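Here is the structure we will look at.
The values are calculated or read from the model by the stated rules, or taken from the named source; none is laboratory data. The structure presented is a predicted model; accordingly, all values stated were derived computationally and were not measured. Cβ atoms come from the backbone with ideal geometry, glycine included; neighbour counts cover every protein chain shown.
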Amino acid sequence: MIETERTQSPYFKALACSAVAFALAVLALFLGYTLPSFKTDAEAISQLLALVLVPGLIVGLLAKKSTKAWPLWLIICAYIVILIAVTVAHEFTAPMRG
């Protein structure tokens, strides 16, 4: 049987990216920068939490299922790309949510 090298703690690393992104997003929110679809601060905090957790879970799953070990820079880059995609999708679907 062939042994494959796996990424050590992929979910921890990806969710650490989520924590950093959430902290930066909350800081930006308190400084007055926000996404156009956010109407109140309470709504913004809950949606920001969901926006940063989804890419972390996706990247963690991708890194865990990969047959090769993912270096930290690849986890961070993949997180940023997926975060941008999720945020763009969130903003495009905002008018449909009301």
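Here is a check on your reading of the model: is PHE38 closer than 27 Å to ARG97 by Cα and at pLDDT below 95? So PHE38 passes the test. Contact annotation: residue pairs with Cβ atoms under 6 Å, 6 or more positions apart or on different chains, pairing a residue in region 70-96 that is on the phi < 0 side of the Ramachandran plot with a partner that is of a type in the set (Lys, Arg), are ILE75/LYS13. For region 10-44, a residue qualifies if it is more than 12 Å from the chain's Cα centre (by Cα) and β-branched (Val, Ile, Thr), and the qualifying residues are VAL26, THR34, THR40.
The set of residues in region 73-98 being hydroxyl-bearing (Ser, Thr, Tyr) and in a helix (DSSP H, G or I) consists of TYR79, THR87. Report, by residue number, each residue of region 1-46 that is more than 21 Å from VAL88 (Cα to Cα), hydrophobic (A, V, I, L, M, F, W, C) and part of a loop (DSSP other than H, G, I, E, B). Across region 1-46, the qualifying residues are MET1, ILE2, LEU31.
Give me a count of the residues in region 20-55 that are touching a His at 6+ places or on another chain (Cβ under 9 Å) and touching a residue at least 12 places away in the same chain (Cβ under 8 Å).
Number satisfying all stated conditions: 4.
Any chance region 54-65 includes a residue that's over 21 Å from GLN8 (Cβ atoms) and aliphatic (A, V, I, L, M)?
Initially, region 54-65 is screened for residues over 21 Å from GLN8 (Cβ atoms), giving 54.
Restricting the remaining residues to those that are aliphatic (A, V, I, L, M) gives 54.
Yes, region 54-65 contains a residue that is over 21 Å from GLN8 (Cβ atoms) and aliphatic (A, V, I, L, M).
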